[in-house]
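Visitor: Okay, here's the structure, questions in a sec.
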Amino acid sequence: QVQLVESGGGLVQPGGSLRLSCAASGSIFSIYFMGWYRRAPGKQRELVAGIDFGGSTDYADSVKGRFTISRDNAKKTVDLQMNNLKPEDTAVYYCNYNLRAGVGSTSQIGNYWGQGTQVTVSS
């Protein structure tokens, strides 16, 4: 069974920084896409940043130049470095992996989510 565990959320003042991390465990054959999503109160979930197996990245316009996503394929981890945080970045952040679990004829591709970590930007 695949599990994703996030860490690194918390309370920070505007202009501050936080680093989120997500680690996967279980029978994983290959991870294709890793991403960070967020859901703010009263808003729909949105993709904040994503990175594919080759290292190509994509960012929401609202975080470009402030957030950086990185991955370690060997460790099955993805990090999100968040700088110059703003109150509008306040949300629950979720990591997401698109991966192939298991091996051989029983392996399957699926989407997996972490439990979410709260990020609050406030003075």
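The values are calculated or read from the model by the stated rules, or taken from the named source; none is laboratory data. This is a predicted model, so every value here is computed, not measured. Virtual Cβ from ideal backbone geometry, glycine too; neighbours counted across all protein chains shown. Surface accessibility is based on the protein's heavy atoms, side chains included, excluding ligands, DNA and RNA. Shrake-Rupley method; radii C 1.70, N 1.55, O 1.52, S 1.80 Å.
Visitor: Here is a check on your reading of the model: is Tyr97 open to solvent by 20 Å² or more (accessible area, probe 1.4 Å), hydroxyl-bearing (Ser, Thr, Tyr) and either part of a loop (DSSP other than H, G, I, E, B) or farther than 17 Å from Ser62 by Cα (or both)?
Guide: No.
Visitor: Which one of Gly50, Gly35, Gly55, Gly65 is at pLDDT 95 or above, under 19 Å from Gln81 (Cβ atoms) and assigned to a loop (DSSP other than H, G, I, E, B)?
Guide: Testing whether each residue is at pLDDT 95 or above, under 19 Å from Gln81 (Cβ atoms) and assigned to a loop (DSSP other than H, G, I, E, B) leaves just Gly65.
Visitor: So Ala91 ticks every box in (1) open to solvent by less than 30 Å² (accessible area, probe 1.4 Å); (2) more than 14 Å from the chain's Cα centre (by Cα) but one. Which box is left unticked?
Guide: Every listed condition holds for Ala91 apart from (2).
Visitor: Among the candidates Ile51, Ile69, Ile28, single out the residue that is in contact (Cβ under 8 Å) with a residue 40 or more places away in the chain, out of contact with any helix residue (DSSP H, G or I) (no Cβ under 7 Å at 6 or more places or on another chain) and either closer than 13 Å to Asn98 by Cβ or buried (at least 17 other Cβ atoms within 10 Å of the Cβ) (or both).
Guide: The match here is Ile28.
Visitor: With the requirement that a residue be open to solvent by less than 30 Å² (accessible area, probe 1.4 Å) and out of contact with any Gly (no Cβ under 9 Å at 6 or more places or on another chain), what does segment 103-119 give you?
Guide: Within segment 103-119, Ser107, Gly110, Gly114 qualify.
Visitor: A follow-up question, please. Of all residues in segment 75-88, how many are surrounded by fewer than 22 Cβ atoms within 10 Å (Cβ to Cβ) and among the aliphatic types (A, V, I, L, M)?
Guide: Selection size over segment 75-88: 0.
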